[in-house]
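Student: Quick one: the structure is below, and I'll ask about it shortly.
The values are calculated or read from the model by the stated rules, or taken from the named source; none is laboratory data. These numbers were taken from a predicted model, which means no experiment stands behind them. Here the Cβ is made from the backbone with ideal geometry for all residues, glycine too, and neighbour counts use every protein chain on show. Remember, those area values only see protein heavy atoms, side chains included, never the ligands or the DNA or RNA. Shrake-Rupley method; radii C 1.70, N 1.55, O 1.52, S 1.80 Å.
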Amino acid sequence: MAMRGHEPGKTVTSKVLALLAAFEGGSERLRLSDMAARSGVAVSTAHRLVTELTTWGALQRGEDGRYQVGIRIWELGQHAARELTEVAHPYLHDLFELTRENVHLSIRQGTDVLYLERFYGSRRVPLIAQVGGRLPLHPTAVGKVILAYEEAWFRDTYLARTLERRTAFTITEPGRLSRELLQIRAQGYAVTREEIRLGTCSVAVPVLSAQGTCHAAIGIVMATGRAVELPRLVAPLQGTARRVEAALWPGLVKSRPAHSLWHA
């Protein structure tokens with residue numbers, strides 16, 4: 001079976017994008033042969049395109065011959081979701097100063113949760129996803145709260161997929177997960193315990209859009225041994241989300257009934 005990059009009519013642009021996509025999923029440094037294999041682009045073509053990408057600054061070649069994403073891609077990426085991150089940053093910092101916990105801001109990207117911002121406390125937990133990294137929606141608190149506020153057709157389509165089980169505690173049964181999402185929507189926050197990685201637990205709340213949908217999610221992650229402390233973090237998280245909403249859409253929060261902020 002021919003690989004994607006060898007299909008007749010494959011454009012240069014699609015080949016370039018496929019080579020860059022080889023770095024998705026946490027791959028930091030790759031050999032040219034790895035990039036060619038993952039993208040389905042012939043090695044000779046990959047060599048030419050990668051050389052051009054490196055010259056432009058989209059890729060960077062190390063002394064060992066391996067490639068990593070270049071600084072120019074990072075610079076361009078700073079413009080993505082810029083308004084949200086700039087508005088939320090001071091409020092996230094305030095939340096971090098108040099709780100001294102590991103705080104993060106996320107949005108949905110396809111069927112994944114994408115991490116936009118992080119503040120680390122002194123009691124750090126094992127790093128699961130970096131800023132710019134992705135994780136599945138269903139095993140994370142931020143992902144679950146986003147999923148709970150999505151339209152029914154999206155939730156149903158997501159739950160119909162074969163869901164990845166990251167640990168023995170990951171909820172992958174569609175019926176059970178659907179019931180949990182309804183509960184999350186009703187209470188306005190999500191909690192997970194060791195679903196994405198053993199030794200960690202998390203709590204998250206939504207940042208609602210002007211239409212009442214989930215624009216983003218703010219979460220806190222800590223060691224599982226401190227899971228009993230998660231409930232006390234709901235109020236400061238919700239307060240932070242309200243402040244971000246008020247900054248993004250002035251006047252909206254005051255006009256919205258208090259209960260609808262979290263149960264709309």
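Student: Considering only protein heavy atoms and a probe of 1.4 Å, how much of the accessible area of the range 113-257 is carbon and sulfur, as a whole percent?
Tutor: Result for the range 113-257: 54 percent of the exposed heavy-atom area is carbon or sulfur.
Student: Taking the mean number of other Cβ atoms within 10 Å as a proxy for protection, how do you rank 56-68, 11-23 from highest to lowest?
Tutor: Packing proxy ranking, top to bottom: 11-23, 56-68.
Student: Put a dot 7 Å past each Cα toward the Cβ at ARG193 and GLU28; how far apart are the dots in nm?
Tutor: For GLU28 paired with ARG193, the spin-label model returns 3.3 nm.
Student: At 0.36 nm per residue, minus the direct Cα-Cα distance, what do GLU151 and GLU97 gain on full extension? Give it in nm, one decimal, please.
Tutor: 16.0 nm
Student: Same structure, new question: State the percent of C-alpha pairs, over all pairs in the range 111-225, separated by a distance greater than 17 angstrom.
Tutor: Summing the P(r) of the range 111-225 above 17 Å gives 52 percent of all pairs.
Student: Continuing with this model, one more query. Please report how far the C-alpha centroid of the range 139-191 lies from that of the range 208-235, rounded to the nearest whole angstrom.
Tutor: 15 Å
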